[in-house]
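This is the structure I want to talk about, given as structure tokens.
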Amino acid sequence: MKIAPNSRPASPPRWAQKLLRWYCRPDLLEDLEGDFNEYFERNLKTKGARRARFIYVLDVLKFFRPYTVRKPSFLTFFIHWLMLGSYFKTSRRSLVRNKLFSAINIIGLAVSMSVGLLVIAFLADLFAYDQFHEKKHRTYRLLTRNELADKTVMNFASTSLKAGFKLRETIPGVEDVALIRRGFYSDARVNDETVIPLEATWADGSFFKVFTFPLLKGNPATALNEPYSLVVTEKTARKLFGDADALGKTVRFDTLNYTVTGVLKDIPKLSHLRFEALVSLPSVLGQKADSDGGILDWGNIYQNYVYLTVPENANLQAIQAGLDQLSRAENARLDRQKITLSLQPMDDIVFGGRLSNEIGVSIPTPVAWVLVGLALVVILSACFNYTNLSIARSIRRSREVGIRKIVGALKTHVLGQFMAESVIISVMALVLSFLLFLLLRTQFMALAPQLADVVSLELSPWLLLYFLLLAIGVGLAAGFLPALFFSRLQAVQVLKDASSLRVFRHVNMRKTLIFTQYTFSLIFITTTLIGYKQYRGFLSFDLGFTTENILNIRMQGNKSTLLKKELAEIPAVSQIATSRMITSLGSLYGATLKYKEKDKQDSAKVWINFVDENYLPLHRHRFLAGTNFKNRPTSGNETEVIVNEQVLKRFNLADRNPSKAVGKQVIMDDKPLTIVGVLKDFHYGTMDQKIEPTVFRYSAEESGGYLNVGIQSDDYPAALASIESAWQKIDRVHPLDAKFYDDQIEDAYRQFEVMVKVIGFITFLAICIASMGLFGMVVFTTETRLKEISIRKVMGASEGSLIFQLSKGFLLLLVMAALVALPVTYFFFDQFVLTKFVYHQPIGVSELVISVLVVMALAFLLIGSQTLKAARSNPAKVLKNE
């Protein structure tokens, strides 16, 4: 047959080729298609192109047979779903057949996941903060960076009201600006009959444009525009007016009448802004909203907050540039201070950095990561147990896997079976862990009273979904390595001789997992012991003055002379002093001090407290030179000051000689004050702050501040009851707010106590989980080596030598874990954690040794109980069938 030179060579029909490739099994397609093409070329030469194509089509249709047709993808998917039933049945049988190992895995996973559930619930509440605000994702807060002349830098969540007004007036690209000022504490009076203490916040007319706090009554556009306007929450309205309509009613604060212009729906718990009422900002600004001075000063950054909303896709860089320009212009008027402004997204407020004057809830991001890390460590420890025990039991289950592969199971089927088994165990553990979560939730909320105000840990559909996803994730993570191991087994080798299975190539991995578990356990124990020692050290540290049996009473605006008169009649009251603040609790009140004989520009920030003449004797401050206050001037006219040693060192005053320093003059608030006494250094702040220059100034304030009452009694409850009665005589509205100084110091360090409790609880769980895993491994090891033990006994080995032979490997792992964990923990605390606390306790040998002894004792108990049982077994019963 001749073919024209320019014609295309004949080829099989394309649609027939596509049909063949569509239905034919991949493993047969290449051979079958090659044969068809060969027959086509032969027929093309002998029978012509038309008949060759016809025969090709017949061959393609003729071989459409069951053994050549590939399985449809939907059928494969359906088969996999049918296999799930087999997976569940096989998994159930395996769990029942291995009750001990199943119990260890389920309990370990349940205990670890309960911590995960607790962390998930806690973080879910924190991430839910402020989500009800419609403009949340385009709302920002102004932050302030304040740099002083001595290069001291402090970052504030607050800022100046002037910054808010200037932002609104001069910077384009801003949609709305809300101004807030805190510090409104007063008694609300209604018809001179109802008197209720009220904590409110000043806010301007844009408040409801930025925030979504629904008004049940009143107009949000005008509710806060006029001076002496008041917006109350539902709860506050009921307190003030009962079931009557509050709108339009009058409330008196001091001598001023405020009109209720709105009633708010109660503030959601998960809101960083909380208040009982809103007072219109013009009430405090008066007619000075557009002028400088006082409350509107650029440097008045401590009580005010500015929030702004921006349009979608706003140019934040341009807004920040405007803030920088504003800061430069205003800083030019300042002398020894530099203020810069920045934007903080509302999403970052709860998980923000460490800021002073924070308003509402704020959790540092590292704290959240620490919680997640601790939960992951505990969960991974339980996963390690599962991996260890599953691979250790590989010989027993290898025949099962081999038979499944012989009957046609693919590697994916085996992988799916063991992953499904792991997920089933994890979901079963979730049920138990959920019950543990309900129990732990109450205990967690009881760690600190403040937690109940921060989170609720209430269940929700989303939270339950997160719990289920955690269980599935844990199951997949725990079962991945065992499933991968079993899916790679060779069926022929396993069925021929299971004992030849190379399990021991995974011994190093199993040892690594045990080593890792106990390394973390030792780190946790050591951390708990060090943390507890530091906490107790903070409470017992010598502050430089006494706090024993001193009751601090907050005056809440009452006149101190009235209460002093009542307290003087109580026999248990030995001394009474007044002070503006309570030191050593973390609160700071500063002022600038200059030494008159030095350069006028040489000034320093000093901490200050205003006290009367009874304060220093009551607290037993030690005088190095001079005396107590001699003059008793009225408030604001004081002429004397008492300083500590650090003031002398800061200015090299009188060559740091306390005796020579008495009589020298310093300047504070443009007043010359004479030093009449020098005190031995004492702690004004907390233990993470070094002792700094501190001064006492004289003040005998009639209202505000505190009464410091010395108590000498054998019956403190009776003494406190008498003080309560005395308070009721002068104030029937406010409950007595009185705390012993020692209790206040404990409260100041409550965060460390909570931290120690949390880490201690995690430590307990980690040790329990690691010990369960070790117990399972010891049981398995002794069972598999029972014949070896019997032979050794027949050959004359003693019980002691057998116990040593069986346990030495595990004990060696614990020793190695200790050699890693202790130096790491010591280095971490010594170089990073304790360096933040100027006055901390040294790390002793006891904290390091106790952790090792505890772990070793527990491990030896677990190992010894099983190895002793194996060593005492009867060799005749074990070897009778050999």
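The values are calculated or read from the model by the stated rules, or taken from the named source; none is laboratory data. Note that the coordinates shown come from a computational prediction; the quantities given were computed from them, not determined experimentally. Note: ideal-geometry Cβ built from the backbone for every residue, glycine included; neighbour counts use all protein chains shown.
Name the residues in the stretch 861-873 that are among the hydrophobic types (A, V, I, L, M, F, W, C) and crowded, with 16+ Cβ neighbours inside 10 Å, would you?
If the condition is that a residue be among the hydrophobic types (A, V, I, L, M, F, W, C) and crowded, with 16+ Cβ neighbours inside 10 Å, then LEU862, ILE863, LEU868, ALA870, ALA871 are the ones that fit.
OK, next. Yes or no: ILE339 farther than 30 Å from ALA770 by Cα and within 30 Å of the chain's Cα centre (by Cα)?
no
Considering only the stretch 693-719, state which residues are assigned to a loop (DSSP other than H, G, I, E, B), under 40 Å from the mean Cα position of the chain (by Cα) and surrounded by fewer than 19 Cβ atoms within 10 Å (Cβ to Cβ).
Across the stretch 693-719, the qualifying residue is only GLY704.
Which one of the conditions (1) over 17 Å from LYS533 (Cβ atoms); (2) crowded, with 16+ Cβ neighbours inside 10 Å; (3) of a type in the set (A, V, I, L, M, F, W, C) does LEU812 fail to meet, given that it meets all the rest?
Of (1) over 17 Å from LYS533 (Cβ atoms); (2) crowded, with 16+ Cβ neighbours inside 10 Å; (3) of a type in the set (A, V, I, L, M, F, W, C), only one is false for LEU812: (2).
Look through the stretch 720-772, keep the residues that are basic (Lys, Arg) and not in a helix (DSSP H, G or I), and return whichever of them is surrounded by the fewest Cβ atoms within 10 Å (Cβ to Cβ).
ARG732
Ok, one more. Take the conditions over 42 Å from the mean Cα position of the chain (by Cα), exposed (fewer than 14 other Cβ atoms within 10 Å of the Cβ) and assigned by TED's automatic domain parsing to the domain that holds THR763 and apply them to ARG785. Does it pass?
no
So in the stretch 432-452, with the set limited to residues that are assigned to a helix (DSSP H, G or I) and touching a residue at least 40 places away in the same chain (Cβ under 8 Å), which one is surrounded by the most Cβ atoms within 10 Å (Cβ to Cβ)?
In this case the residue turns out to be SER433.
In addition: Since ALA318 meets every condition but one in (1) without any contact (Cβ under 8 Å) to a residue 60 or more places away in the chain; (2) exposed (fewer than 14 other Cβ atoms within 10 Å of the Cβ); (3) in a helix (DSSP H, G or I), which condition does it not meet?
Every listed condition holds for ALA318 apart from (1).
Same structure, new question: Collect the residues in the stretch 192-221 that are in contact (Cβ under 8 Å) with a residue 60 or more places away in the chain, surrounded by fewer than 19 Cβ atoms within 10 Å (Cβ to Cβ) and in contact with a helix residue (DSSP H, G or I) (Cβ under 7 Å, 6 or more places away or on another chain), keeping them in residue-number order.
ILE196, the sole residue that qualifies.
Now, a different point. I'm trying to understand the selection: among the residues of the stretch 251-272, which are touching a strand residue (DSSP E or B) at 6+ places or on another chain (Cβ under 8 Å) and touching a residue at least 60 places away in the same chain (Cβ under 8 Å)?
VAL251, ARG252, PHE253, ASP254
Shifting gears a bit: Report whether or not SER456 is modelled with pLDDT under 75, out of contact with any His (no Cβ under 7 Å at 6 or more places or on another chain) and either among the hydroxyl-bearing types (Ser, Thr, Tyr) or closer than 18 Å to LEU270 by Cβ (or both).
Spelling it out, it is not the case that SER456 is modelled with pLDDT under 75, out of contact with any His (no Cβ under 7 Å at 6 or more places or on another chain) and either among the hydroxyl-bearing types (Ser, Thr, Tyr) or closer than 18 Å to LEU270 by Cβ (or both).
Could you figure out which of (1) at pLDDT 90 or above; (2) under 16 Å from the mean Cα position of the chain (by Cα); (3) surrounded by fewer than 17 Cβ atoms within 10 Å (Cβ to Cβ); (4) of a type in the set (A, V, I, L, M, F, W, C) isn't true of ILE349?
It is condition (3) that ILE349 fails.
Scan LEU323, LEU341 and give me the residue that is assigned to a strand (DSSP E or B), surrounded by 14 or more Cβ atoms within 10 Å (Cβ to Cβ) and in contact (Cβ under 8 Å) with a residue 40 or more places away in the chain.
Of LEU323, LEU341, the one residue that is assigned to a strand (DSSP E or B), surrounded by 14 or more Cβ atoms within 10 Å (Cβ to Cβ) and in contact (Cβ under 8 Å) with a residue 40 or more places away in the chain is LEU341.
Any idea which of (1) part of a helix (DSSP H, G or I); (2) under 18 Å from THR546 (Cα atoms) is the one MET687 doesn't satisfy?
In the conditions (1) part of a helix (DSSP H, G or I); (2) under 18 Å from THR546 (Cα atoms), MET687 misses (1) alone.
So if I check each of ARG404, ARG397, which one is closer than 16 Å to GLY479 by Cβ and modelled with pLDDT under 75?
ARG397
Ok, one more. Name every residue in the stretch 785-841 that is touching a helix residue (DSSP H, G or I) at 6+ places or on another chain (Cβ under 8 Å) and of a type in the set (Val, Ile, Thr), in order of residue number.
Passing the criteria: ILE789, ILE791, VAL794, ILE803, VAL820, VAL824, THR825.
Show me the strands (runs of 3 or more DSSP E) entirely contained within the stretch 184-247 in which 1 or more residues are out of contact with any Leu (no Cβ under 8 Å at 6 or more places or on another chain).
It comes to 194-203, 229-233.
Output the residues belonging to the stretch 788-802 that are surrounded by fewer than 19 Cβ atoms within 10 Å (Cβ to Cβ) and part of a helix (DSSP H, G or I).
GLU788, ILE791, ARG792, VAL794, GLU799, GLY800, SER801
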